[in-house]
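Peer 1: Quick one: the structure is below, questions incoming.
Every number here is computed from the coordinates shown, using simple stated rules; none is lab data. This one's a predicted model, so the numbers in the text were calculated from it and none came from an experiment. Quick reminder, even Gly has a Cβ in these numbers, built from the backbone with ideal geometry, and neighbours come from all protein chains shown.
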């Protein structure tokens, strides 16, 4: 099959493209993300929908996009949408299958706009029911979140992120932490502070200077460290998929400890990107009707943590063998006593299971479209 994608996120579509091309399909992607430089590319030049305009997505924009690209995109068999899922509305008039993969809260950019969010939900219900839209998610949290608001099931096909080509060595005798939360300290020499890698969409710390791409630490640089400490800021982060596939030992808080951290530090980076309401400075609570389990009530730790049970780092089927710490004192102990090579070997061995499951699920998805 010949598939087309217009995307705001470089990692999710890179992973899907690698899998689908391995199955003999072809994926053309126009990336308009500001992070295209991660793969050594400039953002694609796209009329109507681009970096400057996409937040104004509405019916008029969809019609204009179709008028501009009707003939150019008509030769494709189907469309793939990742970030943001609302881009699925752009392709409705082609009347061809639209595969939608939710990787972070699907309603973006309509979080604070009730009428537009409800219009998106109406679109998804109608088009899922008639088979035009195939709803997927790359994690359990987003599948449940999208189902909660649309009333339709979203199948989970986790990302692999094997495009990095990195493999764990542990040669650098220090750990890294890739958290927004900085409210903890460890003994000197434990964390590599000289090369602190701030979390980004793709965890490859490159620096942009005018007209030049200068390479900084690569994915292999991460894999060369002894391990990575991650105090989560979201339920699913592409960086964790990358590190897991590379076999890098990952240290994350236990469910109990993460709840305690959120209660005290939810404004300081702990699960602070679960809800676009918090990211965009909106008050807690969804703009559209929700019940007492409203996942956008980010100020209520009990609700936040109930949803966080679905996070990647607590998924025993997709991401076993993560090392959990129940306090920062416990973390200090684990950094010394954990058999890192054994943990890495188990992660890599499980990678074959993950790869087989994801490949099979994608094969099945595309076979349904023939």
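Peer 1: Have a look at region 1-105 and give its Rg and Dmax from the Cα atoms, expressed in angstrom.
Peer 2: Looking at region 1-105, its Cα Rg and Dmax stand at 13.0, 37 Å.
Peer 1: Oh, and also: Going by Cα centres, region 79-150 and region 284-303 are how many Å apart?
Peer 2: 20
Peer 1: Order by neighbour count: 142, 224, 129, fewest other Cβ atoms within 10 Å first, most last. Please list the in-between numbers first.
Peer 2: On the way: 142 23, 224 18, 129 10.
With the sparsest Cβ surroundings first, the list reads 129, 224, 142.
Peer 1: Modelled label-to-label distance, residue 361 and residue 74, 7 Å Cα→beta-carbon offset: nm?
Peer 2: Rounded to a tenth, the inter-label distance reads 3.6 nm.
Peer 1: Okay, helix-only estimate at 222 nm for the chain: each DSSP H run of n ≥ 4 adds -39500 (n - 2.57), divide by all residues, round to 500 deg cm²/dmol; what do you get? Don't skip to the answer; put the middle values down first.
Peer 2: Values: 11 runs with 129 residues, N = 370.
It comes out at -11000 deg cm²/dmol, rounded to the nearest 500.
Peer 1: With labels modelled as points extended 7 Å from the Cα through the Cβ direction, what inter-label distance (nm, one decimal) is found for residue 300 paired with residue 345?
Peer 2: 4.7
Peer 1: Report, in degrees rounded to the nearest 10, the 0 to 90 angle that the Cα long axis of helix 255-265 makes with the longest principal axis of the chain.
Peer 2: That helix lies at roughly 80 degrees to the long axis.
Peer 1: Using a simple spin-label model with points 7 Å from Cα along the Cα→Cβ vector, what separation in nm is obtained for residue 55 and residue 333?
Peer 2: Going by the 7 Å Cα→Cβ label model, 4.7 nm.
Peer 1: Would you mind computing the Rg to Rh ratio of region 283-370 from its alpha-carbon coordinates, Kirkwood style for Rh? Working shown, then result.
Peer 2: Values: Rg = 18.9 Å, Rh = 16.7 Å.
So for region 283-370, dividing Rg by the Kirkwood Rh gives 1.13.
Peer 1: In what sequence do 303, 13, 19 fall when counting other Cβ within 10 Å, fewest first?
Peer 2: Details: 303 17, 13 25, 19 21.
In order of increasing Cβ crowding within 10 Å: 303, 19, 13.
Peer 1: On full extension of the chain, what length is gained from residue 36 through residue 1, given 0.36 nm per residue of separation minus the C-alpha to C-alpha distance?
Peer 2: Details: separation 35, 0.36 × 35 = 12.60 nm, distance 2.48 nm.
In short, 10.1 nm is gained.
Peer 1: Additional query: Quick one: among 53, 254, 111, which has the greatest mean-square fluctuation in a GNM of the chain with alpha-carbon springs under 10 angstrom?
Peer 2: Residue with maximal mean-square fluctuation among 53, 254, 111: 53.
Peer 1: Running a GNM on the chain with Cα contacts under 10 Å, which residue among 42, 278, 140 ends up with the highest mean-square fluctuation?
Peer 2: Among 42, 278, 140, the largest mean-square fluctuation in the Gaussian network model of the chain belongs to 42.
Peer 1: Output the antiparallel fraction of DSSP beta bridges having both residues in the chain, as a percent to the nearest 5. Write down the numbers at each step before the final one.
Peer 2: Details: 3 of 32 bridges.
Here the antiparallel bridges make up roughly 10 percent for the chain.
Peer 1: Only Cα pairs within less than 10 Å get springs; with that Gaussian network setup on the chain, which residue of 171, 11, 299 has the largest fluctuation?
Peer 2: The residue with the greatest mean-square fluctuation here is 171.
Peer 1: For region 71-134, what Kirkwood radius comes out of the mean inverse Cα-Cα distance, in Å?
Peer 2: Values: mean 1/r = 0.0827 Å⁻¹.
Answer for region 71-134: a Kirkwood hydrodynamic radius of 12.1 Å.
Peer 1: Based on C-alpha coordinates, I'd like the Rg and Dmax of the chain, in Å.
Peer 2: 20.5, 62
Peer 1: Continuing with the same structure: Along each of the three principal axes of the Cα atoms of region 274-320, give the extent in whole Å, ordering the values from largest to smallest.
Peer 2: Between the extreme Cα coordinates on each principal axis of region 274-320 lie 35, 21, 17 Å.
Peer 1: Would you give the gap between the C-alpha center of region 11-69 and the C-alpha center of region 305-366, rounded to a whole Å?
Peer 2: Centre-to-centre (Cα) distance: 30 Å.
Peer 1: Okay, next question. What does a probe at residue 26 reach in region 66-88, counting residues whose amide N is under 15 Å from the point 7 Å along Cα→Cβ?
Peer 2: Within reach of a label on residue 26, which here means backbone N under 15 Å from a point 7 Å along Cα→Cβ, region 66-88 contributes 72-79.
Peer 1: Can you sort 244, 66, 233, 168 from fewest to most other Cβ atoms within 10 Å of each residue's own Cβ? Don't jump to the answer; show the numbers that get you there.
Peer 2: Values: 244 27, 66 16, 233 19, 168 24.
Ascending Cβ contact count within 10 Å gives the list 66, 233, 168, 244.
Peer 1: Restricting to Cα pairs below 8 Å that are 6+ residues apart, what does the relative contact order work out to for the chain? Please round to a whole percent. Intermediate values should be presented prior to the final figure.
Peer 2: Details: 645 pairs, mean separation 52.5, N = 370.
Relative CO of the chain lands at 14 percent.
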